[in-house]
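Reading through the structure tokens given below for one structure.
The values are calculated or read from the model by the stated rules, or taken from the named source; none is laboratory data. Predicted, not measured: the structure shown is a model, and the values here were computed from it. With ideal geometry, Cβ positions are generated from the backbone for all residues, glycine too; neighbour counts draw on all protein chains shown. Please note that ligands, DNA and RNA were not included when accessible areas were found on the heavy atoms of the full protein model with its side chains. Shrake-Rupley method; radii C 1.70, N 1.55, O 1.52, S 1.80 Å.
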Amino acid sequence: MVFAFAPAKVILFGEHFVVEDRLAIAAALDLKVIVKASFNDTNYIKIQTASQNIASLNIKISIDNLISGKFDYANNFFSPLFLILYNFSKSYPIKYGIDFLIESNIPIGVGLGSSAATFVAFSAALLKLFNYKFNLNDIVNLASQGESLAHGKPSGIDPTISTFGRIIVYRRSQGFHSLEEEFSKPIIIGISNVTRSTAEMVNKVLNLKKKHPYILDLLYETNDRIVNEAIDAIKSKNFIKLGDLMNIAHGLLSSIGVSNFHIENMIYAARNAGAYGAKITGAGGGGAIIALCDENNIEDVSNAILSVGGKVIHSKISNSGVEVYEDE
Ligand code: PMV
């Protein structure tokens, strides 16, 4: 049996702007997806989910249908996984059935990268199961095919951070570099009860940019300035500056229409309770916010988010990216 683990993520800066080749910073979290894979003695690929955050689902497809592309490309939970298998099978013939079990403790559809982590762990498990010599870029490339089907026009930042872990600075056309710094301050994640589709939010922003390029070009430029300043603030551990930059970044996200009443409530609650700064993380429109705190105000900030109806997730920034193991 093969086991692959892939982490959730937070985008610290640059969501949406990164889709149009601007800079972003993302960090891996200690929440994970686990994919277990083993060959079976049927002609079917079987995928099962069993998790607190994914409704228990079960699907199977015959190898013949899979390799001839006879599966539903509609955007349901399994189509991106079938696409990954289909593309894989073009280079590596699939001759035996496979059982996949997907488990996760990442909240779904709130901007913490649950789908990218699933595609990364699934791709890693698949590559390892076939004993093919692979590197981390092979995992990102395979996982990104699933991400493209799920999200339309993804920047690639989600599968990249989930594969490589740590804190990364990312630009679509140039790839990424990791920041060596340990991130010592707590980041509290507040989750609104509104779920949304990343693809819809991305399209909404791209349409606004088409309508008002003269204005939005400047906002995209400002994003890159914020990110460059944020890299300095992370390196010099200047958390007051980092908090200010998060607040400014949130203002930009608000101005491009991805905030809403629930998000603003959580953000102002966190700031008023003493957070250095707070902003949307991920696509917005609901989903999650992050608040940068001091060790001594974790409780106040958490309670403030709870008091306006948000849920609080305690998670840490983690160095781990994807990990894959095999046992007998
Ligand atoms: O799917 P989410 O909520 O983690 O958002 C991903 C970040 C976006 O910039 C909105 C989209 C992308 O592909 O970069």
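Summary of computed values
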item	result
Criterion: open to solvent by 10 Å² or more (accessible area, probe 1.4 Å) and either part of a strand (DSSP E or B) or within 16 Å of the ligand (Cβ to nearest atom) (or both) - qualifying residue of Ile102, Ile45, Ile108, Ile25	Ile108
Among residues of segment 146-165, those that are open to solvent by 20 Å² or more (accessible area, probe 1.4 Å), under 19 Å from Leu83 (Cα atoms) and at pLDDT 95 or above, counted	1
Filter pass, Tyr268 being at pLDDT 95 or above, of a type in the set (Phe, Trp, Tyr), at negative phi and surrounded by 19 or more Cβ atoms within 10 Å (Cβ to Cβ)	no
Residues located in segment 48-64, provided they are outside any loop (DSSP other than H, G, I, E, B), over 19 Å from Ala116 (Cβ atoms), open to solvent by less than 50 Å² (accessible area, probe 1.4 Å) and touching a Leu at 6+ places or on another chain (Cβ under 9 Å)	Ile61
Any pair with Cβ under 7 angstrom, 6 or more apart, that starts in segment 191-203 at a residue that is more than 9 Å from the ligand (Cβ to nearest atom) and ends at one that is open to solvent by less than 40 Å² (accessible area, probe 1.4 Å) and of a type in the set (A, V, I, L, M, F, W, C)	Ile191/Val110; Ile191/Ala288; Ile191/Ile313; Ser192/Ile263; Ser192/Met266; Thr195/Val110
Condition met for Ala283 (away from the ligand (no atom under 16 Å from the Cβ), under 27 Å from Gly109 (Cβ atoms) and either surrounded by 17 or more Cβ atoms within 10 Å (Cβ to Cβ) or over 23 Å from the mean Cα position of the chain (by Cα) (or both))	no
